[in-house]
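The structure under discussion appears below in the form of structure tokens.
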There are 2 protein chains.
Amino acid sequence: MAVTLKEVAERAGVSRSAVSRTFTDGASVSDKMRRKVEKAARDLGYSPNALASSLTTGRTKLIGLVSNNFHNPIFLEVFDLFTRGLQDRGLRPLLVNLTDETDPENSVRMLRQYSVDGVVVASSTLPPGFAKAFRDAGVPVVHSFGRSSSAPQVHVVGIDNVECGRMAAQALIARGYTHVAFMGGPEDATSTQDRFAGFKSEIIKHPDIQASHSFAEAYSFEAGRKEMLRLIDANPAQAYFCGDDVLSIGALSAIEDSNLRVPEDIGIIGLNDMEMARWENIDLTTIHQPIRQIVTSSIELMVAMLDEPDRYPEARIFPCSIVERGTLRPAP
Amino acid sequence: MAVTLKEVAERAGVSRSAVSRTFTDGASVSDKMRRKVEKAARDLGYSPNALASSLTTGRTKLIGLVSNNFHNPIFLEVFDLFTRGLQDRGLRPLLVNLTDETDPENSVRMLRQYSVDGVVVASSTLPPGFAKAFRDAGVPVVHSFGRSSSAPQVHVVGIDNVECGRMAAQALIARGYTHVAFMGGPEDATSTQDRFAGFKSEIIKHPDIQASHSFAEAYSFEAGRKEMLRLIDANPAQAYFCGDDVLSIGALSAIEDSNLRVPEDIGIIGLNDMEMARWENIDLTTIHQPIRQIVTSSIELMVAMLDEPDRYPEARIFPCSIVERGTLRPAP
DNA sequence: CTTCTTTTTGCAACCGGTTGCAAAATGTTG
DNA sequence: CAACATTTTGCAACCGGTTGCAAAAAGAAG
């Protein structure tokens, strides 16, 4: 069906090598030859088979893009940025949807079968061991939105979730709240654990502040709403640091439905600064996660690793900052 | 680096063909041989190179997933369903982000270079010619969420947007609104055109109904909000059929900010029934688009085409229905 | 134990490219 | 124009698999 190298060679009356060389840059071809081959190729509508060439060159330009966050709207933005960034560099994202699976084994095998040049694990909930499995298999890997660590075993690009937790606690305390709480995402997500740890570490410095915590079932609107309804029914705190924006928005909905006001009765601070947070009818005060920078940096790191697979692992941590909107009362 | 067929063959003391056959089902291998080979493969950690085998079999199990809707939250759900559905059938999605590009040429070339077995074009805004370009290149293609047609040239799976427009108009009229309007997405999107056409065709039957229309710049919150603010400033209709849910939510935000009430002052009906539409603080009356069925059916069709590439093109159109929530006043 | 049938196995060619090497062509210099 | 350096080209082997075909092995029948 498709036109092959051989056919082009025959039509141009040259050797197959000549055709191959016209299509690999840096190869030695005379101008005359190049013109002859290009004409033949154009006539036949030839374009080289990337997979066949990968056999000898050992490069497919395929990059596995592995994620389990197909329900958090912020990841649509992440996918947008990743796919565009990879495409711009001539790389092709092979998307892998992990759903509930947290065992890397299958993904590793599959992606090796397709000889991907590298893998980006884009998830804030997977354990560090997941990304490590790719490294152990000899595949360059970057864990985006992964758990930061002072001694990373694989390349990690993301934020310091512990610091974010601390920052949220400080913000609440600075605004004069005396009874605050952490409403996390799933307890087994590394990002939840870290944010909580940071939050606690700050609170503990202020013995006068009353603090509590609980966890929603998922990083989702429904889970946030449900959990907040439960909390309101019990003894709600004055302000909550919610595990992420989508959870926050669920919580806001619950508060509104309970005829309580934000921020007068209950304050909320989220994390991510997703597009929706700035929608006027949501107007969520939140901690901005620099997604664009994280993705760009992840891609740069991946590209660097393609040239230098044994690059010493590093953690690239981007600072976050609070975006003041309408769901926390102003500092006194 | 990676273990090859040959090494397994040597370790097991058998021919390369034998190894190949143990890994292709339906091939003739004795139990004894299979055990020997599997042992050697396990010892070495071998798994076959999918790309190499694709050279001879002519099948890569790669499916191009082409889209330009990376800003509409509903597409995260679409990607989730597609990736899972394809994976479950042993197919691998190669994601292509079209951004602003509407010329299929590059995508066609790239996806042919990677010898994809098929292409799914998932977009409600691309012209039918886009998908057709793949067919012309000899690649099986399904256009999901594409424009329906009585004489489709490629396989189309989606909804009847004209009928949806009609349905929306009927709903508004049935609720006693006498001044209604269509607030569309980008005017050049096929879905906008069709929805508008349907809307008009119904309105025209009711000479007593006053109707107007306008278009937002994009299918986005901001665009919807901006357009609605403009409309409120002029002479707003009593009720709007918005081009899609995200546009509707933008419009709702504008209405709320203008101290008007929904549905008392202005009614809104959207289209898609995205997850967010049922969030209690949005509670959008909308036309449900059966995404799950569309995706499932698209995948089934794609799988069928892999066996039968010249399958006669068909349009699979799924009915939509109105989901009653809080943004339209009840019928009198 | 033959003889015939069926299954299993290996050989070798092939899929669509790339690349080291040496021969051929071209360019440079005296 | 000869002698040498440089560039261009083709040959042939290879990348990691698959597969048609015929030989070898195993099983069934007599």
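The coefficient of translational diffusion for the stretch B:161-289, derived via Stokes-Einstein from the alpha carbon Kirkwood radius under 25 °C and 0.890 mPa s, stands at 175 µm²/s.
Peptide A:92-100 is shielded by partner chain Cβ atoms: per residue, an average of 6 of them sit within 10 Å of its Cβ. Of the accessible area of the protein assembly as shown, computed with a 1.4 Å probe over protein heavy atoms only, carbon and sulfur atoms account for 48 percent. Amide H contacts under 5 Å for A:GLY118: A:GLY64, restricted to partners 5 or more places along the chain or on a different chain, H placed in the peptide plane at 1.01 Å from N.
Within the protein assembly as shown, antiparallel bridges make up roughly 10 percent of the DSSP beta bridges whose residues both belong there. Residues in chain A average 43 Å² of solvent-accessible surface per residue, probe 1.4 Å, ligands and nucleic acids excluded.
Axis of helix B:245-257 versus longest Cα principal axis of chain B: the two differ by about 40°, to the nearest ten degrees.
Across the alpha-carbon atoms of chain A, the computed radius of gyration and Dmax are 25.3, 87 angstrom. When the Cα positions of A:THR83, B:THR60, A:ILE268 are compared along the charge dipole of the protein assembly as shown, B:THR60 comes out farthest toward the positive end, with charges on each C-beta of Lys, Arg, Asp and Glu. Phi angles across the stretch A:260-267 convert, under the Karplus curve 6.51 cos²θ - 1.76 cosθ + 1.60 with θ = phi - 60°, into 3J(HN,Hα) values of 9, 10, 10, x, 4, 8, 9, x Hz, Gly and Pro given as x. For the stretch B:200-229, the list of trypsin sites (Lys or Arg not before Pro) that fall in a loop by DSSP and count at most 12 other C-beta atoms within 10 angstrom reads B:LYS205. Inter-copy label distances for B:GLU105: 4.9 nm (label point placed 7 Å from Cα along Cα→Cβ; shortest first). Rounded to the nearest 10 Å², what accessible area does B:MET276 have for a 1.4 Å probe in the complete protein model? Solvent-accessible area, nearest 10 Å²: 10 Å².
The share of C-alpha pairs in the stretch A:158-235 whose separation exceeds 19 Å stands at 38 percent. For the peptide A:103-116, the mean number of other protein chain Cβ atoms found within 10 angstrom of a residue's Cβ is 3. Take A:GLN210, push a point 7 Å out from Cα through the beta-carbon direction, and compare it with the same point in every other copy: 5.7 nm, smallest first.
In plain terms, the C-alpha convex hull of the protein assembly as shown casts an average shadow of 34.6 nm² when viewed from every direction. For the stretch A:130-166, a drop of 10 Å² or more in accessible area on going from the chain alone to the assembled protein chains (1.4 Å probe) is found at A:GLY138.
At a threshold of 50 Å², the residues of the stretch B:247-286 that become less accessible to a 1.4 Å probe in the full protein assembly than in their chain on its own are B:TRP279, B:GLU280, B:ASN281. Measuring between alpha carbons in the structure, the pairs from A:LYS6/A:LYS32; A:LYS6/A:LYS39; A:LYS132/B:LYS39; B:LYS36/B:LYS61 lying more than 21 angstrom apart are A:LYS132/B:LYS39; B:LYS36/B:LYS61. Restricting attention to chain A, close to 5% of DSSP beta bridges with both partner residues there are antiparallel. Take A:21-31, A:85-95 and order them by the average number of nearby Cβ atoms within 10 Å per residue, most first; the result is A:85-95, A:21-31.
Using the Cβ-Cβ distance between A:SER149 and B:LYS200 with R0 set to 51 Å, the FRET efficiency from 1/(1 + (r/R0)^6) comes to roughly 0.30. Shown is the FRET efficiency for A:GLU256 and B:ARG89, computed with R0 = 45 Å from the Cβ-Cβ distance and rounded to the nearest 0.05: 0.55. Placing a label point 7 Å from Cα along the Cα-to-Cβ direction at A:ARG261 gives distances to the equivalent points in the other copies of 1.9 nm, listed shortest first. Rounded to the nearest 20, the Cβ-based charge dipole of the stretch B:1-114 about its Cα centre (Lys and Arg +1, Asp and Glu -1) stands at 940 debye.
The values are calculated or read from the model by the stated rules, or taken from the named source; none is laboratory data. Bear in mind that the values here come from a model prediction, so they are computed numbers and not experimental data. Backbone-built Cβ (ideal geometry, glycine too); neighbour counts: all protein chains shown. Heavy atoms of the whole protein, side chains included, go into the accessibility calculation; ligands, DNA and RNA do not. Shrake-Rupley method; radii C 1.70, N 1.55, O 1.52, S 1.80 Å.
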